[in-house]
Amino acid sequence: MSQSKALLDWARAVAAHPELGLEGAWPRAAALLGRQALEAGLDEFWNRQLSQMGKASRATQLACLEQFVRDPDLVSGIRTAWGALSRACHHHPYELAPTAHELQHWFSAVEGLLERLAVQEAAVDSVG
């Protein structure tokens, strides 16, 4: 099992079971795990495509992704998911934590995006 899949499974478990002892912190804990899953998937992608990108900031990696993955919808989805999960990780006064439904929606997007990224990468490998 890949690291990104394991992290995503943990994120889903935390969101589905708030009674695990993370009273009040479970939404942000689940969001952090979801974001880490997405980042681990991106790290796996960059390690296979261009290992030097591992030293770049996440913002730079996301900005350069479109040059390697010729799918603007996929890249946009990855950026959107990363931004939503990043915002959800932090406490902001007068802002509610994400709901379990929102988290599950984002996790589904992360899972789909990582699967599409793997398929896209396989297509690039077969051409290149």
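The order of the peptides 80-91, 105-116 by mean Cβ neighbours within 10 Å, most packed first, is 105-116, 80-91.
Between helix 58-68 and the chain, what is the angle of the helix's C-alpha long axis to the longest principal axis, kept within 0 to 90° and rounded to the nearest 10? Rounded to the nearest ten degrees, it is 40. Tilt of helix 26-49 relative to the longest C-alpha principal axis of the chain, in degrees (0 to 90, nearest 10)? Result, in degrees: 10. The helix-based estimate of mean residue ellipticity at 222 nm for the chain, built from -39,500 (n - 2.57) per DSSP H run of four or more residues and divided by its residue count, is -25500 deg cm²/dmol to the nearest 500. Under the combined filter of DSSP loop state and at most 10 neighbouring Cβ atoms within 10 Å, region 1-98 retains these GluC sites (Glu not before Pro): GLU23, GLU95. Ranking ARG58, ARG12 by Cβ neighbours within 10 Å, fewest first, what do you get? Ascending number of Cβ neighbours within 10 Å: ARG58, ARG12.
At q = 0.20, 0.23 Å⁻¹ the log10 of I(q)/I(0) for region 1-127 amounts to -1.09, -1.34, computed by Debye summation with a single uniform scatterer per C-alpha, solvent ignored.
FYI, it's all coordinate maths here, none of it is from the lab. Everything numeric here is computed off the predicted structure, so don't read it as measured data. In this analysis, Cβ positions are derived from the backbone assuming ideal geometry, glycine residues included, and neighbour counts consider all displayed protein chains.
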